[in-house]
């Protein structure tokens, strides 16, 4: 099977007994191990076409992996198509926009755009793939000022479940473009995408760190502050519960800290004014908030840059009151026992609540906050589903009936019924045989 396919594609075609197979199927989340019947390392749109046609002719399922950040389910059969080699980045500073291959990462786009005073509305991690992130919507450090990242998706080249190449755009397949803006899976394989960039002449951003004894005051004060926060400011508060393990620096082992992330696309004077109430919430142990170069946007959240094991699950919340702060503190605050390294509340809404004029399939616009639990210690992974159910269950009074796939993790994404029905129709058209299998 693999020999016949290898003759038709330029990239590697490997089975489990071939050298390089393990490296080809590996993703950023090393807790998930893939064992497909065959993996195809695509080097072009035509490679993807051939792999899809090969799989369809044999009734094999097809999965796709860019960077593997969002993998939660192992691929155990069929054809896995990896897109890491499709990492082209073509900047158009006049439009301004960028065209990327399916394997490009946000760091490449950030570095290319920054010298022009431009920025992608990217995620918190620079190592995440552009395309996979956009397909889920994307709520990054500038979500409140600039909206969902997928709102800026202008066009995409897509290989369908029948092996055809179509262009999703306002002038092409507009309905498919609507679906790709947040519909996530089952919509074909995107090999190229054009994304509009933002003019960001200045950025005041970073984070404030607080020690454990101040966590309750900071959570209460920050949540109260968010109710009147400027729409241009995006913030989040993550309680870090560091395990007592040797891989961590000694000063972090066994510690519980709160990191308050802040991003404002504007100048220092306004940034300091907007951040002043947050600095006053409690004594600041670490102040890494100030003017930030666009190329250094990853410093806001300081997400891991090296592959490792991870587990996550999230929820989306609507309007909050004082009860949410107390529920969150009771679940993940000082003195609590749980298996998660990170427990984050992220303030969204603002521009993210407004759909683009032509519409999109994004779910989560009704949310004002996201709640995310992250685990990094594999021996604790088995207890995390039940623990997450307890923590997120305590937030049920504030939950909305939407869940964005980029924040769902181990849970199922939830779209509003009309959106879900429209997405299902697009999926049936693009993938009539149900060839594409999600791994998220």
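The values are calculated or read from the model by the stated rules, or taken from the named source; none is laboratory data. Since the structure is predicted, the reported quantities are computational estimates derived from the model, not experimental observations. Quick reminder, even Gly has a Cβ in these numbers, built from the backbone with ideal geometry, and neighbours come from all protein chains shown.
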Of all residues making up the stretch 183-208, the number that are over 20 Å from the mean Cα position of the chain (by Cα) and surrounded by 20 or more Cβ atoms within 10 Å (Cβ to Cβ): 4
Residues of the stretch 332-352 classified as surrounded by fewer than 23 Cβ atoms within 10 Å (Cβ to Cβ), in contact with a strand residue (DSSP E or B) (Cβ under 8 Å, 6 or more places away or on another chain) and farther than 22 Å from residue 143 by Cα, total: 5
Helices (runs of 4 or more DSSP H) fully within the stretch 305-414 counting 2 or more residues that are under 23 Å from the mean Cα position of the chain (by Cα) and without any contact (Cβ under 8 Å) to a residue 60 or more places away in the chain: 384-393
In the stretch 385-410, residue surrounded by the most Cβ atoms within 10 Å (Cβ to Cβ) [restricted to those that are closer than 29 Å to residue 77 by Cβ and touching a helix residue (DSSP H, G or I) at 6+ places or on another chain (Cβ under 8 Å)]: 406
Top-ranked residue in the stretch 415-440 [being closer than 22 Å to residue 366 by Cβ and in a loop (DSSP other than H, G, I, E, B); ranked as modelled with the lowest pLDDT]: 440
Flag if residue 274 is assigned to a loop (DSSP other than H, G, I, E, B) and crowded, with 18+ Cβ neighbours inside 10 Å: no
Residue match in the stretch 367-384 (condition: surrounded by fewer than 17 Cβ atoms within 10 Å (Cβ to Cβ) and touching a strand residue (DSSP E or B) at 6+ places or on another chain (Cβ under 6 Å)): yes
Boolean, residue 277 is more than 22 Å from residue 224 (Cβ to Cβ) and either in contact with a helix residue (DSSP H, G or I) (Cβ under 7 Å, 6 or more places away or on another chain) or without any contact (Cβ under 8 Å) to a residue 40 or more places away in the chain (or both): no
